[in-house]
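The values are calculated or read from the model by the stated rules, or taken from the named source; none is laboratory data. What you are looking at is a predicted structure, and each value in this text was computed from that prediction instead of being measured. Positions of Cβ are generated from backbone atoms using ideal geometry, with glycine treated the same way; all protein chains shown enter the neighbour counts. Protein only, heavy atoms only, side chains kept; ligands, DNA and RNA dropped before computing areas. Shrake-Rupley method; radii C 1.70, N 1.55, O 1.52, S 1.80 Å.
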Amino acid sequence: IGKGGQLPWNLPKEFQYFIRKTKEVPAEGNLRNALVMGRKTWDSVPAKARPMPGRYNVVLSGGAEETV
């Protein structure tokens, strides 16, 4: 959901919640969360914030389009 690679709203409390929940892991073990996103979502993340620290960043793409 967005326009021109940007969200059409600004919700700072929601963004802080997202960061906290995606970094939070159980205390035991050497665990990390993973963020799975499409390429356009990845492209919309500011370059200075990529990859998002403290989490695995997985980017899915449909691959190259074929021209017939």
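Restricting attention to segment 6-32, and to residues there that are part of a helix (DSSP H, G or I) and open to solvent by less than 100 Å² (accessible area, probe 1.4 Å), which single residue is farthest from Tyr56 (Cα to Cα)? Lay out the reasoning, then the answer.
Filtering segment 6-32 down to residues part of a helix (DSSP H, G or I) leaves 12-23.
Now restrict to residues that are open to solvent by less than 100 Å² (accessible area, probe 1.4 Å): 12, 18-19, 21-23.
Numbers: Pro12: 23, Phe18: 15, Ile19: 13, Lys21: 14, Thr22: 10, Lys23: 10 Å.
Residue satisfying both the conditions and the ranking: Pro12.
Under 8 Å between Cβ atoms, at least 6 apart or on separate chains: pull out the pairs that start in segment 33-47 with a residue that is within 16 Å of Phe15 (Cα to Cα) and end on any residue that is among the basic types (Lys, Arg) and open to solvent by less than 60 Å² (accessible area, probe 1.4 Å).
Leu35/Arg55
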